[in-house]
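The values are calculated or read from the model by the stated rules, or taken from the named source; none is laboratory data. Owing to the predicted nature of the structure, the values given are computational and were not obtained by experimental measurement. Heads up, the Cβs are rebuilt from the backbone with ideal geometry, glycines too, and the neighbour counts pull from every protein chain shown. With ligands, DNA and RNA removed, areas are computed over all heavy atoms of the protein, side chains included. Shrake-Rupley method; radii C 1.70, N 1.55, O 1.52, S 1.80 Å.
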Amino acid sequence: MKKTAILASMAAALLFTACTDSNTATENTTAVTTEAAATAEGEAYAVDPAASELTWNGKKVGGEHSGNISLQGGELVVADGQLVGGEFTIDMASITNTDLTDAKYNADLVAHLKSDDFFGVEQHPTANFKINSISPIADAAAGQPNYNVEGDLTIKGKTNPVSFPATINVENGTATAKADVIVDRAKYDVRYGSKSFFDDLGDKVIDDNFTVSLDITAKK
């Protein structure tokens with residue numbers, strides 16, 4: 001009888017300890033989750049596509065091309081007067097060329113850029129960028145980039161991290177962000193004319209890196 005009582009007491013003690021540890025773990029998890037949620041809190045400013053501009057520039061042997069792309073929408077998140085996050089979507093079907101004056105050459109290039117050789121717009125009509133972190137640049141001169149931005153860029157269904165310096169300003173209910181983002185197209189399976197995928201291209205080589213210049217305006 002005594003042995004049974006002792007075993008019962010031990011079982012109760014173990015059960016109590018397990019419940020206590022479980023509750024503590026739950027409390028800790030809740031605390032971490034709450035802290036993470038609090039870090040991400042802020043007020044969403046809606047991106048204004050009409051007031052924003054995205055331009056692109058790509059280089060090849062003996063030349064280069066440039067053009068525009070439109071934003072579909074998105075938001076920048078502001079807390080205590082500082083940009084803390086955000087996400088926006090790019091309308092890849094809107095891509096244009098601005099350097100070719102011959103209408104046929106211009107149309108042919110744009111059609112090629114939209115094809116599977118490049119961005120495969122029919123299957124992948126949008127690209128996306130999500131901000132993961134923003135850190136201030138110490139002693140940034142006026143008018144120069146004042147923050148480092150890190151985030152995930154998705155093109156053709158493939159997501160890769162990118163980072164870049166940006167000039168960010170939040171004032172009077174408007175947030176603006178300007179930056180030049182260098183993108184390695186080989187990471188997004190944009191293969192045409194790339195030395196990363198093909199040999200013996202001769203003078204048909206197109207640089208894997210292209211630049212997207214952002215000038216984004218979001219309003220409260």
Worksheet item: Does at least one position in region 99-114 carry a residue that is out of contact with any Asp or Glu (no Cβ under 9 Å at 6 or more places or on another chain), modelled with pLDDT under 95, closer than 17 Å to Val183 by Cβ and open to solvent by less than 40 Å² (accessible area, probe 1.4 Å)?
Response: yes
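Return the residue satisfying two criteria in turn: it lies in region 75-95 and is in a loop (DSSP other than H, G, I, E, B) and either in contact with a Leu (Cβ under 9 Å, 6 or more places away or on another chain) or touching a residue at least 40 places away in the same chain (Cβ under 8 Å) (or both), and of such residues it is nearest to Thr159 (Cα to Cα). Walk me through how you get there before you give the answer.
Restricting attention to region 75-95, the residues satisfying the condition of being in a loop (DSSP other than H, G, I, E, B) are 80-81, 95.
Right, trim to either in contact with a Leu (Cβ under 9 Å, 6 or more places away or on another chain) or touching a residue at least 40 places away in the same chain (Cβ under 8 Å) (or both) and you get 81, 95.
Details: Gly81: 30, Ile95: 20 Å.
Ranking the qualifying residues of region 75-95, first place goes to Ile95.
Filter region 45-55 for residues that are open to solvent by less than 80 Å² (accessible area, probe 1.4 Å) and in contact (Cβ under 8 Å) with a residue 40 or more places away in the chain; which is nearest to Tyr105 (Cα to Cα)? First the steps, then the outcome.
Just the residues of region 45-55 that are open to solvent by less than 80 Å² (accessible area, probe 1.4 Å), to begin with: 45-49, 51-52, 54-55.
From the residues that got through so far, the ones that are in contact (Cβ under 8 Å) with a residue 40 or more places away in the chain too are 45-48, 51-52, 54-55.
Values: Tyr45: 39, Ala46: 37, Val47: 33, Asp48: 32, Ala51: 29, Ser52: 27, Leu54: 22, Thr55: 19 Å.
Out of the qualifying residues, it is Thr55.
Going through region 39-78 one residue at a time, which ones are among the small types (Gly, Ala, Ser) and over 30 Å from Thr101 (Cβ atoms)? Give the derivation first.
Start the filter on region 39-78 by keeping residues that are among the small types (Gly, Ala, Ser), which leaves 40, 42, 44, 46, 50-52, 58, 62-63, 66-67, 70, 73-74.
Those that are among the small types (Gly, Ala, Ser) and over 30 Å from Thr101 (Cβ atoms): Ala40, Gly42, Ala44, Ala46, Gly73, Gly74.
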Fill in: Selection from region 56-98 of residues that are under 20 Å from Gly120 (Cα atoms), under 16 Å from the mean Cα position of the chain (by Cα) and open to solvent by 30 Å² or more (accessible area, probe 1.4 Å)
Ser70, Gln72, Thr89, Asp91
Discussion item. Of everything in region 112-135, what is more than 22 Å from Val47 (Cα to Cα) and not aliphatic (A, V, I, L, M)? Give them in sequence order.
Written reply: His112, Lys114, Ser115, Asp116, Asp117, Phe118, Phe119, Gly120, Glu122, Gln123
